[in-house]
Structure formats: structure tokens, C-alpha cells
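Q: One structure follows; several queries about it will come next.
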């Protein structure tokens, strides 16, 4: 048994239980795991680690992943108090709470830069790589599952490698991956990708079989990507975005089939891409970090020719459908290491249209994607900076208000800045589009207020801007410095950014 | 006469006076000029334009350059009220004042991205390219002078080209330039630079001679780069930086001859590189946007093998010396378009060590490089973002205090953010070094306070941090949102950030 999953005979002798594998982990270790969104992350060993902790073993570690992961990893280990330090991204509520309560030291990093920090030895020694795989080759080569993330790098750098061989992941995934790792400077060459669909590497992660210390057989399925139903607000955002793209094509600033699309993770990002299903566009390509349901829809209706990412993160219905038609989809999907999917060189060369979501945007085009009220981490910057800074068009979408109107997502000054005024070209809300390209800060403010806001907050923003313009001595970026964050202060004190009389 | 400077006979008939050339400019035009720092910018025609304005002609225009330029261009045209809109960078006090008083709309942009925005037609039609040159070839090819900047792009995109042929610039500069322009997506290929010294293009800017409508002969010299003498504070910053680099080499995170160096513009940036003259380092290379005096010193003492940039901006003494030994220096210096010198692909591939100066840094590692008190533009982001985001090591230097101690350059929260917490790895002040790599926000705050500050502000920062940590409900990035910008407010009201009892 398992001959088709573990081709190397000697390695079959390294099959162990999750509980046994958990014993490799010692307190103080740096552990690098697979996983990018709840896809392709290890599940059985983290659960066993939490059991060990419950039995009283002290285990505290630094957890490095690709990006966010499922609850078996971030949730279980956070609840058990095992994660003491976390890189480079997370979205789990327990992990987030531990970060916001100072129990976890979290460093929120660009998903496209973090891999090279590991390769540069900036992140210290990697003790164990814990990686989900669908199979292991005769030569030790590891075939990942539904994501690649940083697995290739952890396997290369770690002292020991532990594999979770997940038999719930079909063997037919083999061939979807394209693994490539650039050399470090001063020896680095170009990354030879010129189109979304270019394959430049191997379909497996090379690994010295002697480094593999244990193989755990598991069948725990990926958590699914739960998408909110596409609502009216999302639909209007998508329509506004497509209107904008239509006009760019009309003005010949974009080709008829656009340029490779990137869209962030989550319901809004999915809804925006889903809007393209009923558009006139054909022969689209995707060069993104994740592929959500909408990309499969676009492939199904013949609008997307090729989609590249580092992770396949589908809803429950969609993943079944994907598995049933894997041969068809494999011709149009490539999964790459995040060092490649999020690489500035490729994003700039291909001219990616970057579409990311914002928590809040300010009058002058600065974007907060990570921290509410400047202090409270939600998820992190993720790949949004990799794409926004290097894209052909850098677009941010946000609804105009949140929390039933108590929060205005357009504020006088962002309380935390992830994307500066220099990196944000277009703001899309359900109200409209602000095209900020080439505008001075004051022109940006007027355009954002006019096109992207409405109602009470629109009047409040106009008032702030007008008073800033008349009272502020220096008018490049008019601000009332004592009042610029007052909306956030009011919200934290009263629960609403509105002024209550 | 001028046969050696204008090889194309037909073009010699297009020699006109500056006053005649000034008549090509009409109100409302978009004008793209040469110039990057006070080097290689047009001088005679702007002076003639101001004369025209004085005679009562209404001329208002959008001025796009490489970066900052000398007073003949930004100063004269600002004083004459001719500049209505300005891209992408400036450092002139008259221009700055007009921006801060709302007379000029200024959009402050990444110097490495702006060129492609022009090529993508995001900046509109370019009516006239006004470019300083040392000579014109038989085929119309234009040989730039002491900078390249965006000249190649303006010449390509403009309807008309006006040349200032500057005979004060020696013909021996020919051969120092390397002109290359990547195609736009989706046709873009890699930029084949693998070492600072790789030459990939032509020594001239190709130009259809029919586009050249006038050639103005001038001998007005470049304004010189006035550097402040290297003071005690700069020397200590340089020493601290070199100590940091020494340790990186010791830990094998950097090779013995480091990696290509980039250093921003100005006295501090120059002083920091000058510190390397007395260091142990050999066979250094430079991949930067400007070359200031210190790079020539490093070439002279045999420590720098090759230096690449887009501009040569030297002091009065140094430029004479450069001209007298031009043959020697030409072997070790390449001037490229800023689309290449500041290109994310190359900066990341080469692994550049980016060293830039900050106006203010906050506790959590965010950097302000452009706006005082959030509103008052000084210069702009320049190329600092191109390098910081893509470098191997992203280092920011700042003195601990400014204005005789009335300003703390380390503040609770930056009043404007140009470089986010995700892009800043190392802070160097005259007090010490804060290595922020892999640290959580709270750890960064402690490290910055401990290593980079002193005296009264150190105590004030500790107090702010400690109260934030205990009072702020969410502790990922502890802030007192109502107090985070209070230091700036106090300065604007009392003239000092210190608390006066």
C-alpha cells in the first residue's frame, strides 16, 4: 500500500503517527510549514502537538507559513499557547486575538519578500519544515497539494523535514505545480516568466530524502474558503471597476483582453472577478496569489485562458467540482511558490492589474489594509503590497461604510498606512471610481469625496477638507493635525464615527 | 563650427536662439525636460521663457522632469508663475513654496515608476521634450550630458524636441551613457542587467531628426551640488552603519565585498558613503540613482570598481576634477535612464543595499521622507521607495533631533508615511542602530527607543509607549489614538516638541 504515493522504498519505512511526529518539535524551535489560505497546510501534526501540550509538555515555537492557514494549525496552536511568534500573515480569530492581547509576537510582512528573507538567513535557522504533500518521488522530490507557498524554501533550509501525506488530496494534482527558486544575490538571474502560463521549473520540490525524518499519513481535508454570497454592494463595486476598465480599453491604455489580473483574498475580491463573467472580455489571464471560485467560473465560461497563483482556495462545492474535472483545469492553472507568484520582477514585467481590498482609505489616497484604529490587527498586508507597488494599475476597492454605517471607510487620515499615496492609483467603492493618477493631493481629495462617498460622511469629509485647506498653513496635503485622527478617536469612545448631537 | 557637436548637417540649420525656442511653448502644454538633481537640465530656454512671461505673454504649463533640477528651471519658472503642475520630484525652494501655497499642483511620485506611467500614456500627451545634450549624431541620436533621467522617454513620446546643446559640457562624456527602454506589457522582456557594470543599450538616445524643431547653443554650467561639510553627527551615523554592515559580513549574511550600494541624495547620504573610504571594504560596486562626491573618492582610493546611476551630481571642486580625468572615470561609471537605475527588477536581482534618509521615523518603523507635520512638502519621496521596497537591505538614516532639538526625528506616529513598517529593516541614527528585521511592532518600539534615541525625547517616547501598552485595548501596535500626533500639534503651536512646564 501507498506505493503510488511514496515511490521511494526506504522512505516508506519512515511512516509514523502524528503523535510520533509531534515529538520532533521542541520548545524554542523555528518551524516552517506549508499552507497559503486554508489550502495545503498541515493538519494532523498540529492537532497532535496540541494534545502533547494538553498532556503538560511545554512547547512554544515560532510559526512561519506561506500565509494564512486553517484552524487545525493557527487556531489549535493558538488556543494551546504554542505559537509565540508568527510570520508572515494570518487570518485566524484565535491567532489574531492572541496577537492583539500580546501573547503572540506577530511580524506582518510582504508575502513576496518574506521568502527571500528566509533565504538570506534574516529569519534565523529553520529547525523543522512541516509540509503537506500528495506524494513523494523516488528521488525524495515532494509533490505539494493545493498550495505551494514557501514549502520549497522551508524544505531547502530546514534541518529536518516532516511530511503530512494527505490521501484526501487526489494524486491527479501532480503536474499543476511549477517549482522554481532564484539564486540569492549576487548570483541571481532573471526569472524567465513572460506570460502567466510559462512553466520554468519542476513539478515537485526537490528534497534530499535523508532530511525526511517522518511521514504522517492523513486524510483531513482542507478547510474550505467560505465566501459570503455576492451582495448588492459587491456587485456595484464590480460594475464600477469594469466601467473603469472599459474606459481604459477605449482610451487604448489597456489591450482588448486587458492584462493579467490579480485579485486579493476574500468575498469582495471574489465578487469583483465574478463580475467579469458577464462582461465582454475574452482571452483573459490571471497572475495572482490565490485562485478563488470566480476564476474557475471564468475558466468554465471560456473567458480565462490561463491562471497562475500559489494557492487554490475554493468553496466546498467548487473544490468537488475541481477534483472531478481536474484534468481540464490542470491545463489552465499553475501553482507556483509565493516567491514567484508575488514577485515584483514578474508583476511589473507582465503588467498585472492589481485589485486589492482596503480597510480604510484617506482623502489623499493612502490605504490601510491591516490595522483598525491603528492598533488592532485584522489579518495583515498579505500580498497586496507586492501587487500594488509593482502593478500596471493599482486598484483598491472598499465599501464606503462598515458596521452599519458607524465606520466610514473613507477618513481624513488613515490610522495605519500600508499603501502610500505614491502606490494607489484608483479607488473603487460602490458609489463610484476615483482615478487618482497624476492628481495632486488636493485634487485627489476632491475626486474621492465627489465620486466615492455619500450622505453624512460626505459632508463631514468636505467640511474637514475645506477647513484644512483654509486653516492649514502649508497646503500641499492640507490637514488639521490635531483633528486628523479624531474620527477614530470618536469611534473608540462612542462606537460611531458619526457626530452625535 | 559645431561640426563635432552636430554631426547631422541638416540639423545644423535648426540652430536658433533661446528666445526663438521659447516661442514653441504655448500655455497648457505638457513639457518633459532632462535633468536629475542639478545636473543635465535645460537652462537657457527656461530663462528665455521667463523673459517672455515678463513681457506679458501668458504661459502656464505642466513641467515633468527626471527629478529635481537647477534654479534656472524650477526656480525661474516658479517665480514667473509658469509652472502650474509639477511631476515627479523637486527640491527648489521657490517651487516648494508655490506647492505649499497651492499655486502649483504637485504629484510626488516614485522616480522609478513615473517613466512607465508616461510610457503607458497615464500622464497625457507630451507636447515638447526640452533636453540638454552634448552632441547630436548623424542619425539624430542625442548624447545626453551629466544625467539621463527621463530624457529618452520624453524624446520618444513628445511631438516636438528642443535641444539645448551645452558646449560647457565636454564631448568626452560620450560613451558614459547606456540607454535602454523596456517594451510595455504585454511585450516586456527581462532587463538583462546582472552586475552594476553591465551595458545593455546605446550610448545615445535614438531620435527621429524630423522631430527636432530647434537647437539652442548654450554654455551655462550645471548648478553644483552643494554639500554641507561632514559633521560629527554624520560621521557617527556612518560609523554606526559600517558597524552594522561589518556584523552582517561576520554573520555571513553579506559577502566580503558587500552588495551594490545605493545612497540617497544630499549631505548625509554623501557622508555615509564617505565613511567607507576608511573602511576595510574592497571591490565595492554602486547601483544608485545619483553619484555624489563620495563615490568619486571611493573610486579614487580603489574601493569602488563600478558605479551605475542616472545622474552625476558633484560639488564645484569635484566636477572640475572629474572633467580633467574623465577618461579614467568613464571606465567605472555608467549613466542610465532612471527607468533602469531605479528599476525594481534590477534592484531586487542585484540585491542592492539601500541607504536613504528619513525626515522622521516612528516607534513602529514607519518612515516619513517627504512632508513635515503631515502637510508641508519638503522635496518628495524621490527614489527612496524604489530602493527601500526592493533592496536586499533597506536602511534609513536620520539624526535623532532637528532644529536645535525642538524636533524629535523619532516620534510616536509619523505624520505622513512614505515607507511602511513592512519596508523598513534598519534605522541608523548617530546614537546607534535598530535592526528591525523579524521584530513585532512592540519589539521594534523597544529597540528603536533603546538604540536610537537619548535624553528627554527618549523618556517621552518610553512614556508614550508604556502608556499605550497599558491603556490601548488592542496591543498589536499600541497607540493612544488621540495623542499619537500630539507631538506634531505641540510643535505647530509652540515651536517645539518638548513639553514646556
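Q: Determine whether region B:42-52 contains at least one residue that is touching a helix residue (DSSP H, G or I) at 6+ places or on another chain (Cβ under 9 Å), assigned to a loop (DSSP other than H, G, I, E, B) and within 30 Å of residue B:209 (Cβ to Cβ). If you could, list the steps in order and put the result at the bottom.
A: As a first pass, look at region B:42-52 and keep what is touching a helix residue (DSSP H, G or I) at 6+ places or on another chain (Cβ under 9 Å): B:42-52.
Next cut, assigned to a loop (DSSP other than H, G, I, E, B) only: B:42-43.
Applying the additional criterion that residues be within 30 Å of residue B:209 (Cβ to Cβ) yields B:42-43.
Checking region B:42-52: at least one residue is touching a helix residue (DSSP H, G or I) at 6+ places or on another chain (Cβ under 9 Å), assigned to a loop (DSSP other than H, G, I, E, B) and within 30 Å of residue B:209 (Cβ to Cβ).
Q: Let me ask another. For region B:248-265, does any single residue satisfy the condition of being within 22 Å of residue B:168 (Cα to Cα), part of a loop (DSSP other than H, G, I, E, B) and modelled with pLDDT of 95 or more? I'd like the intermediate steps shown before the answer.
A: Let us first name the residues in region B:248-265 that are within 22 Å of residue B:168 (Cα to Cα), namely none.
No: zero hits.
Q: Please determine, by comparing only the residues of region A:440-492 that are more than 9 Å from chain B (Cβ to nearest Cβ) and in contact with a strand residue (DSSP E or B) (Cβ under 6 Å, 6 or more places away or on another chain), which one is farthest from residue B:84 (Cα to Cα).
A: The selected residue is A:487.
Q: From the list A:462, A:473, which residue is assigned to a helix (DSSP H, G or I), in the same structural domain as residue A:344 (by TED's automatic domain parsing) and surrounded by fewer than 22 Cβ atoms within 10 Å (Cβ to Cβ)?
A: A:462
Q: Still on this structure: Pairs needed: first member in region A:231-259, within 13 Å of chain B (Cβ to nearest Cβ); second member anywhere, assigned to a helix (DSSP H, G or I); C-beta distance under 8 Å; at least 6 residues apart or different chains.
A: Hits for this filter: A:254/A:245; A:254/A:248; A:255/A:249; A:256/A:249; A:258/A:245; A:258/A:249; A:259/A:350.
Q: Name the single residue that is modelled with the lowest pLDDT among those in region A:1-16 being more than 17 Å from residue A:211 (Cα to Cα) and loosely packed, with under 14 Cβ neighbours inside 10 Å.
A: Start the filter on region A:1-16 by keeping residues that are more than 17 Å from residue A:211 (Cα to Cα), which leaves A:1-5.
Then drop every residue that is not loosely packed, with under 14 Cβ neighbours inside 10 Å, which leaves A:1, A:3-4.
On the way: A:1: 64, A:3: 92, A:4: 94.
The qualifying residue modelled with the lowest pLDDT is A:1.
For every residue, the table says whether it meets (1) surrounded by 24 or more Cβ atoms within 10 Å (Cβ to Cβ); (2) more than 23 Å from the chain's Cα centre (by Cα); (3) more than 23 Å from residue B:347 (Cβ to Cβ); (4) assigned by TED's automatic domain parsing to the domain that holds residue B:338.
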site: B:86; (1), (2), (3), (4): yes, no, yes, no
site: B:96; (1), (2), (3), (4): no, no, yes, no
site: B:100; (1), (2), (3), (4): no, no, yes, no
site: B:103; (1), (2), (3), (4): no, yes, yes, no
site: B:124; (1), (2), (3), (4): no, yes, yes, no
site: B:146; (1), (2), (3), (4): yes, no, no, no
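Q: Taking region A:281-327 as the region of interest, how many residues are buried (at least 24 other Cβ atoms within 10 Å of the Cβ) and farther than 24 Å from residue A:392 by Cβ?
A: The number of residues fulfilling the criteria is 3.
Q: Let me ask you something else. Out of (1) surrounded by 24 or more Cβ atoms within 10 Å (Cβ to Cβ); (2) away from chain A (no Cβ under 14 Å); (3) within 28 Å of residue B:253 (Cα to Cα), what's the single condition that is false for residue B:338?
A: Status for residue B:338: all satisfied but (3).
Q: How about region B:362-388: which of its residues are more than 7 Å from every other protein chain (Cβ to nearest Cβ), crowded, with 24+ Cβ neighbours inside 10 Å and more than 12 Å from residue B:423 (Cβ to Cβ)?
A: Of everything in region B:362-388, those that are more than 7 Å from every other protein chain (Cβ to nearest Cβ), crowded, with 24+ Cβ neighbours inside 10 Å and more than 12 Å from residue B:423 (Cβ to Cβ) turn out to be B:362, B:363, B:364, B:368, B:370, B:380, B:382, B:383.
Q: Given the residues B:159, B:190, B:172, which is the only one that is buried (at least 18 other Cβ atoms within 10 Å of the Cβ) and in contact with a helix residue (DSSP H, G or I) (Cβ under 8 Å, 6 or more places away or on another chain)?
A: Details: B:159 fails: buried (at least 18 other Cβ atoms within 10 Å of the Cβ); B:172 fails: buried (at least 18 other Cβ atoms within 10 Å of the Cβ).
Within the list B:159, B:190, B:172, the selection yields B:190.
Q: Among residues belonging to region A:348-361 that are within 27 Å of residue A:319 (Cα to Cα) and more than 9 Å from chain B (Cβ to nearest Cβ), point out the one that is surrounded by the fewest Cβ atoms within 10 Å (Cβ to Cβ).
A: Start the filter on region A:348-361 by keeping residues that are within 27 Å of residue A:319 (Cα to Cα), which leaves A:352-357.
Add one more test, that the residue is more than 9 Å from chain B (Cβ to nearest Cβ), and what stays is A:353-357.
Values: A:353: 26, A:354: 29, A:355: 29, A:356: 31, A:357: 22.
In this case the residue turns out to be A:357.
Q: Here's another thing I want to ask about it. Return a yes/no flag: does region B:227-241 have any residue that is crowded, with 20+ Cβ neighbours inside 10 Å, out of contact with any strand residue (DSSP E or B) (no Cβ under 7 Å at 6 or more places or on another chain) and not in a helix (DSSP H, G or I). Outline the logic, then answer.
A: The initial filter retains those residues of region B:227-241 that are crowded, with 20+ Cβ neighbours inside 10 Å, namely B:227, B:234, B:237-238, B:240-241.
When the remaining residues are screened for being out of contact with any strand residue (DSSP E or B) (no Cβ under 7 Å at 6 or more places or on another chain), the result is B:227, B:234, B:238.
From what is left, the residues that are not in a helix (DSSP H, G or I) are B:227.
Yes, region B:227-241 contains a residue that is crowded, with 20+ Cβ neighbours inside 10 Å, out of contact with any strand residue (DSSP E or B) (no Cβ under 7 Å at 6 or more places or on another chain) and not in a helix (DSSP H, G or I).
The values are calculated or read from the model by the stated rules, or taken from the named source; none is laboratory data. What you see is a predicted model; the values in this text were computed from it and never measured. All Cβ positions, glycine included, derive from the backbone under ideal geometry; neighbour counts span all protein chains shown.
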